[in-house]
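These notes are about the structure you will find just below.
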Amino acid sequence: MRLGFNLNIEQVQKLVMTPELKQAIQILQYNHQELNQFIDEQVLINPLLDLGASREGELRKKQEEKTEKQEVDWKEYFKEYDDISYKQPNYHKDKEEVSFEQFVSADITLTEHLLFQLQFAILKEQFTSIGKYIIESLDVKGYLNINISEIASYFHVNEETVEKILSVIQTFDPPGIAARSLEECLLIQVKQKGIEDSKILKVISEHLDDVAENRLMNISKNLNISTKKVQQITDFIKTLEPKPGRAFSSGEEIKYITPDVTVEKIDGEYVILVNDSTAPRLSISSYYRKMLVHENKDSNTSKFLTGKLNSAMWLIKSIEQRRQTIYNVVKAILDYQMDFFEKGRKCLKPLTLKQIADEVGIHESTVSRAVNGKYMQSPRGVFEMKFFFTSGVSNRMGEGIASESIKSMIKDMIDHENIRKPLSDQAISDKLKEKGIEISRRTVAKYRDEMKILSSSKRKRF
């Protein structure tokens, strides 16, 4: 056996992703808020990037550029980057305008609401701290999830004392607050309404599971009352609030959706607007431009600034490319799903990423990044862009029907059904087959569950 070193030349194909390409892919999948955050980070890293200047500042910059020596042909330099300009409205304004919309009242939390009432409760001063402890122990639904014995042990009092304090808090608004179970919550509300019907109290105490499952015949038989009377009782119980605390703020910040794309119908035509109105306008710093002009080309400073300039220009180009890609994808979606925008959910068609990729002339993964986590505002409402990519079935004519369209049909059937004889899943399946849509009973049940619609046995009324 002979060991040795050999040099061989061979040709191999490899896909190499440059840092710039990775950055462009990353920027494409950012939503509106993430892009703003990324831009702010890049401005801190790259001194040549400048956030939107005022209109007066832009005019002054143009005057300075006319007077400076043209040692670097900036026009030729920017031409290499396809003359990309990231044009957006100004991010900052010279004058701050104050409007009443800037002053928003703070939401009252459940704890604050109850502590306010505790001040006026008829309690001994030494028991107020126990009441405060109970209030601060309630969950967001308004329920008390700790044992009375634990509270009594902590404050070194007997359990009867804690029970009395708890009973006082249970008289507070909202009705049903500080209950330890759903049954107790509903009974508190019934008591506050002044209702003393023993049948109602009996149903709440012993038959809540039957109410949930709509087993009215069981209740009727056990309480020896008519089914019609049971129906009236259950209808009343369903008007009570099972989660008294949800009407109040949880103290957490409410998160709003900022649409990445807006589709508007103007003069009978749909117009697509990519939402970059609040993003900062990126430009190249005039200060560092001058420095690069007057700096020796072989110096370390010049090399550093040139590298940062290349990075800045690539970033501006990538952001513009992102905007253009999203626009092209939304345009293709709009053209394909035009019936949805004109007529509603029933006309939504099955759509895949590949269909849009072929239409736009890009890869499926690029389409996926362009729509992932992004929202569209349209005359039909605000939708996640993934909503338009849905599976479906074919009708007898061979045309595709999206699952969302089928769900809409199922909901319409249930909305117009006979409440005394609600449609079963099999009956809905048969009705859809009459319309040429082949769909199984199991699929109907799946779609119904996704829409959070009860089964026929639970929808039935007597």
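The values are calculated or read from the model by the stated rules, or taken from the named source; none is laboratory data. All values reported here derive from a predicted model rather than from experimental measurement. All Cβ positions, glycine included, derive from the backbone under ideal geometry; neighbour counts span all protein chains shown. Just so you know, the surface numbers come from the protein's heavy atoms only, side chains and all, with ligands and any DNA or RNA stripped out. Shrake-Rupley method; radii C 1.70, N 1.55, O 1.52, S 1.80 Å.
So, in the stretch 145-186, exactly how many residues are free of Cβ contacts under 8 Å to residues at least 60 places away in the same chain and open to solvent by 70 Å² or more (accessible area, probe 1.4 Å)?
Total satisfying the criteria: 14.
Name the pairs whose Cβ atoms lie under 8 Å apart, with the first residue in the stretch 127-139 and in contact (Cβ under 8 Å) with a residue 40 or more places away in the chain, the second part of a helix (DSSP H, G or I) and of a type in the set (S, T, N, Q), and 6 or more positions between them or separate chains?
Taking only residues 6 or more apart or on different chains, the pairs are Ile135/Thr111; Leu138/Thr111.
Filter the stretch 212-234 down to the residues that are assigned to a helix (DSSP H, G or I) and surrounded by 18 or more Cβ atoms within 10 Å (Cβ to Cβ) and list them by number. Spell out the reasoning first.
We begin by selecting, within the stretch 212-234, every residue assigned to a helix (DSSP H, G or I); these are 212, 216-223, 227-234.
Result: Leu216, Ile219, Ser220, Val230, Ile233, Thr234.
Could you grab me the full set of residues in the stretch 447-462 that are part of a helix (DSSP H, G or I) and surrounded by 13 or more Cβ atoms within 10 Å (Cβ to Cβ)? So that I can check it myself, show each step before the final result.
First, the residues of the stretch 447-462 that are part of a helix (DSSP H, G or I): 447-450, 456-459.
Residues satisfying the conditions are Tyr447, Arg448, Ser456, Arg459.
Are any of the residues in the stretch 1-22 modelled with pLDDT under 80, not charged (D, E, K, R) and not in a loop (DSSP other than H, G, I, E, B)?
Scanning the stretch 1-22 turns up at least one residue that is modelled with pLDDT under 80, not charged (D, E, K, R) and not in a loop (DSSP other than H, G, I, E, B).
Could you list all residues from the stretch 199-220 that are basic (Lys, Arg) and at pLDDT 90 or above?
Filtering the stretch 199-220 for residues basic (Lys, Arg) gives 199, 202, 215.
Lys199, Lys202, listed by residue number.
Which ones in the stretch 116-127 are surrounded by 15 or more Cβ atoms within 10 Å (Cβ to Cβ) and part of a helix (DSSP H, G or I)?
Of everything in the stretch 116-127, those that are surrounded by 15 or more Cβ atoms within 10 Å (Cβ to Cβ) and part of a helix (DSSP H, G or I) turn out to be Gln117, Leu118, Phe127.
Considering only residues that are open to solvent by 70 Å² or more (accessible area, probe 1.4 Å), part of a helix (DSSP H, G or I) and either closer than 15 Å to Asp235 by Cβ or not basic (Lys, Arg) (or both), which ones fall in the stretch 187-198? Outline the logic, then answer.
Our first condition is that a residue be open to solvent by 70 Å² or more (accessible area, probe 1.4 Å); within the stretch 187-198, this holds for 191-193, 196, 198.
Now drop any that are not part of a helix (DSSP H, G or I), which leaves 191-192, 198.
Of everything in the stretch 187-198, those that are open to solvent by 70 Å² or more (accessible area, probe 1.4 Å), part of a helix (DSSP H, G or I) and either closer than 15 Å to Asp235 by Cβ or not basic (Lys, Arg) (or both) turn out to be Gln192, Ser198.
Being of a type in the set (Asp, Glu), over 30 Å from Ile410 (Cα atoms) and either in contact with a Cys (Cβ under 8 Å, 6 or more places away or on another chain) or at pLDDT below 85 (or both): is that true of Glu359 here? First the steps, then the outcome.
Details: of a type in the set (Asp, Glu): yes; over 30 Å from Ile410 (Cα atoms): yes; either in contact with a Cys (Cβ under 8 Å, 6 or more places away or on another chain) or at pLDDT below 85 (or both): no.
Judged against the criteria, Glu359 is not a match.
Residue-wise test of (1) under 34 Å from the mean Cα position of the chain (by Cα); (2) part of a helix (DSSP H, G or I); (3) farther than 18 Å from Arg459 by Cα.
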| position | (1), (2), (3) |
| --- | --- |
| Asp412 | yes, yes, no |
| Leu423 | yes, no, no |
| Ala427 | no, yes, no |
| Lys431 | no, yes, yes |
| Ile439 | yes, no, yes |
| Ala445 | yes, yes, no |
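Being at pLDDT 85 or above and exposed (fewer than 14 other Cβ atoms within 10 Å of the Cβ) is the requirement here; does Asp83 meet it? Step through it out loud before you land on a result.
Values: at pLDDT 85 or above: no; exposed (fewer than 14 other Cβ atoms within 10 Å of the Cβ): yes.
Answer is no for this residue.
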